Amino acid sequence: MRCAVGCGHVQRAPERGYGLETVRGDAAHPVNQGLACQRGVSETADPDGEWLTRPLVRTDGDLVPTTIESALERAAEGLSTALADGGDGVAVLGSGQQTNEAAYALGKLARGGFGTRYYDANTTLCMASAVTAYYDAFGSDAPPPTYDDIPEAERHIVWGANPAAAHPVMFRWIRQSADADDSELIVVDPVYSETAEVADHHVPLEPGGDLALARAVLARIVETDRVDETFVAEATTGFDELRSELPDAAEAAEMAGVSMADVDNLADALENPTLLYWGMGINQSVNGTAAAGALIDLCLATGNLRPGTGPFSLTGQANSMGTRVCSSKGSWPGHRPFADPDHRREVAETWDVPTSRLPDDPGPGPVGIVDAIGDEVEAVYAVATNPVAGMPDATHVREKLEKSFLVVQDAFHSETVELADVVLPAATWGESEGTTTNMERTISRVRAATETPSGVRTDLELIGDLADRVVPDLFDESLEPEAVFDEFAALTAGTPADCSGISYERLETERAVRWPAPKPDVSAGYRYYDAGSDNESADPSSAEESWSFPTGSGRARFSSGEARPLPEPTDESYPLTLTTARRPDAYNTGVRTRGDEPPTARVSPATAAALADDLEAPTDAPADDDDARYGRVVSRRASVTVCVETDEAIPDGVVWLPIHHPDVNDLTLPDVDPRSNEPNFKQCAVRLEPPRERDVGAVAEASA
C-alpha cells in the first residue's frame, strides 16, 4: 500500500534472498479488484531509497553499526533518562505508514507507558483540519460516503485535490462516473492540474481563496432558493445563524478571484446528487478547518448527505485513517473523546495503568512538539516519519532535533536518520503482518511476503522491545499482531468507530471489512443515513428517510468559521506565492523515489518572462544544458536552488514545488490552523533570484 485508497496487492518474494520480485493488483481484493497504479507497484517492488539493514548508534559524532540489542539498550537508556522528571520529557512522533497494530501499540506506549502529551503523528500534517470539521459537523470523524457511492453520483466536485496524481485508482472510478451522459466533473484548484485537464469545468481560484469561494457558492444557493429546506429543518441545526452571516456572493467571489459564472456552475452542480471531494489544498491552511467546514455546509444546505452524495475528504497516507482510529493521537481508540473522564478511565483500566498517567489533552501537534524540544522535551522517538523533510520551516526542525536525544525507527535512510543518536531499522510493507484502514473506513489484512535481514524487526516488535526496557509490564507478553488487534477492537466496542465485530478470522474470509462493524455479520456502508425500510422490495420513493448523528442534538451542525488573514502575504521583497503539491511518481517525503537532483519549480510563462534575466543559465553551464534555467527560491526562512520549468498550468505569480523533495520545506512557514494544529503548507511569500555560481555546477552534475 502506498496511499490511502487501500488497494490490495499480491506480493511475491524471489526464490533466494530478500525483497519482492512480483507486485501486482489483487483481483480478489474487494477494494481495487485487481487495479493498481504504477507508483504503488514500483515503489514497493523496486524502491530507489537506501534500505536500513543494520542498527546504528552515534559514537564520537558518527553513526556506526551495532547489534540490535545494543541499539535497544542505548535507546532505552536515553528515553529513561528523559522520563526521569516526568512523562513529558519524551516526545513521540508516529505515522500513517504503520499498521493498525503498530499504531495502537505506539499510542499505548506514548500515552499509557510514558504518559506524554507530546505525541502526534504526521497525519496531523495532512488530515487534522478535515477531522476537526467532521467532528464539528457530525460529532464523529471520517467521511459519510464510501467508494460504493462514486458510481451513483451525478456531479463530482474535486476541490483542492489532485486525485489523478495522488490517488490514481480512485480517480479512475471518479472519471468513469463523471464520463456518463448525465454526469460531470468540476475541479476547483489554482493550478490546472492533471485532474483539471480532464474535467468539464476548472475553477482557478486564488491561492487561499477557498473559504471565500465556498461562502460565495452557499450565498448564491440561498439567494436563488436552492436550499433543501426539508432536510435542513429535519436533520440539521445552525443554518439560520449561518444564513444571516453569509457575505454577498459577488463580493465573496471577487475575494476568491473567480467569476460569478464559476460560482453558478458550482451552485448548479450541487442541485444534483453530488460527491464533494477535498484534499491538502483545503486542509493545509490556517483556515483549513473553516474551509473544510464550509464545504460540508454546502452538502448540508443542498441535502447532499444521502448515498451517492456527500463530503469526502481524500486521505493521503496508506494508514492515516487507521492512525486516527487506533493510535490515541487525537482521540482514544474508537474515537473516544480525549478529555472525557469516563473514557480515559476505561482506557486506563484496559491498559492497566493509572488514570492519572493518561494526559487529558491530545497535545500541541507536531509543530508545537518541535517547539517544546529543549524545554520540557529532552528526547524524541520518531517512528516511520521524516520530520526534517516533512515539517514546515524544516531548518528550525533540524536545529531542534539536534538538541534532543533522538531515536529514529524507519525502513529507509532519511534526513531525520542523519540526526539520530540511535537508528532502529524496521520492516516495511510486504515485510510486516497486521491490518490497515483505507480512507473509506475499510480494514484489510496485510501479510509478510518476504523475510528481513537479522537486524531488522517490525515496528510492532521494536515498540514492544523498547517498552519492555523502559516501562516493563505495559504489555503482558510479546506483541503478536492478532492479539494486539483483538485488544484494540474490543476497546472500540460501542464507540462511533466500532470495530469489535472484526477479527483476523473474519478478514481471512471477507478480505476487507468497513467499520463501524459492531457485530461479526455487519459491515457499514453510508453513515448517518437510514433509508427507512428493511423490505428490499419496498418502493424507495415511499420510504421515510431519516438521519442520526452522534451530536448532542442528534443533528448535523452547520459551521461558523471565519477566515483568518493569510500569515504571509506577498510584498515587494517577496512578490510570489509558493504552493506545494504532489507529483504522480512520488509520495510523502520521497525516500523511495528521489534522486540527487534539485527540485523543479514550475512557473507560468508570464512569470518566467518577467524573471528571464534572473533565470538565465550562466555561461559555464554544460553544453548539452542550453535549455536549463536555474534559480533560487527564497523565503523569509531559507533559500533553495531549483531547476525552473515553464508551465501554463501554473497561475501567474505562483511558484509550484513538489512536497517530496527534502529541501522544499526549508521554505515553508510553521503557522498552523488554530483548531486543528495543521500547518499552512500551501501559501508563503517567496521570490526568485539568480543561482549562485557554485550551485550551477552542482545542479547540472546532479541532473546529468
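The values are calculated or read from the model by the stated rules, or taken from the named source; none is laboratory data. Owing to the predicted nature of the structure, the values given are computational and were not obtained by experimental measurement. Ideal geometry is used to build each Cβ from the backbone, glycine not excepted, and the neighbour counts take in all protein chains shown. When the accessible area is computed, the model is the full protein with side chains, heavy atoms only, and any ligands, DNA or RNA have been set aside. Shrake-Rupley method; radii C 1.70, N 1.55, O 1.52, S 1.80 Å.
Listing for the model above:
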item: Residue count, the stretch 461-499 (criterion: on the phi > 0 side of the Ramachandran plot and not charged (D, E, K, R)); result: 1
item: One residue from PRO366, PRO392, PRO425 being part of a loop (DSSP other than H, G, I, E, B), open to solvent by less than 10 Å² (accessible area, probe 1.4 Å) and modelled with pLDDT of 95 or more; result: PRO392
item: Complete set of residues in the stretch 288-332 that are open to solvent by 10 Å² or more (accessible area, probe 1.4 Å), touching a Leu at 6+ places or on another chain (Cβ under 6 Å) and not in a loop (DSSP other than H, G, I, E, B); result: ALA290
item: The listed residue being part of a helix (DSSP H, G or I) and open to solvent by less than 40 Å² (accessible area, probe 1.4 Å), out of LEU474, LEU466, LEU479; result: LEU466
item: Elements of type helices (runs of 4 or more DSSP H) contained in the stretch 154-210, each with 3 or more residues being in contact (Cβ under 8 Å) with a residue 60 or more places away in the chain and in contact with a helix residue (DSSP H, G or I) (Cβ under 7 Å, 6 or more places away or on another chain); result: 163-166
item: Hey, LEU72 assigned to a strand (DSSP E or B) and either over 24 Å from VAL423 (Cα atoms) or at pLDDT 85 or above (or both) or not; result: no
item: Filter result (modelled with pLDDT of 70 or more, open to solvent by 20 Å² or more (accessible area, probe 1.4 Å) and closer than 24 Å to ARG511 by Cα) within the stretch 27-65; result: ALA27, ALA28, PRO30, GLN33, GLY34, LEU35, ALA36, CYS37
item: Pairs where the first residue, in the stretch 492-511, is surrounded by 16 or more Cβ atoms within 10 Å (Cβ to Cβ) and the second is among the aromatic types (Phe, Trp, Tyr), C-beta under 6 Å, 6+ apart; result: ALA497/TRP515; CYS499/TRP515
item: Lone unmet requirement of (1) open to solvent by less than 20 Å² (accessible area, probe 1.4 Å); (2) under 27 Å from the mean Cα position of the chain (by Cα) for ILE221; result: (2)
item: Pair list, Cβ under 7 Å, 6 or more apart: the stretch 638-659 residue in contact (Cβ under 8 Å) with a residue 60 or more places away in the chain and small (Gly, Ala, Ser), other residue open to solvent by less than 30 Å² (accessible area, probe 1.4 Å) and in a loop (DSSP other than H, G, I, E, B); result: ALA638/LEU667; ALA649/VAL191; ALA649/SER193
item: Near pairs, Cβ below 8 angstrom, 6+ apart or cross-chain, from the stretch 311-336 (more than 19 Å from ALA133 (Cβ to Cβ)) to any residue that is part of a strand (DSSP E or B) and small (Gly, Ala, Ser); result: SER327/GLY94; SER327/ALA121
item: Yes/no for PHE239 being more than 30 Å from ALA102 (Cβ to Cβ) and aromatic (Phe, Trp, Tyr); result: yes
item: Restricting the stretch 369-389 to residues that are in a loop (DSSP other than H, G, I, E, B) and over 17 Å from THR123 (Cα atoms), the residue that is least open to solvent (accessible area, probe 1.4 Å); result: GLY374
item: Positions within the stretch 628-637 being part of a loop (DSSP other than H, G, I, E, B), charged (D, E, K, R) and either in contact with a strand residue (DSSP E or B) (Cβ under 8 Å, 6 or more places away or on another chain) or within 18 Å of GLU597 (Cβ to Cβ) (or both), in sequence order; result: ARG629, ARG636
item: Search result, residues across the stretch 638-661 that are surrounded by fewer than 19 Cβ atoms within 10 Å (Cβ to Cβ), part of a loop (DSSP other than H, G, I, E, B) and not aliphatic (A, V, I, L, M); result: ASP647, GLU648, ASP652, GLY653
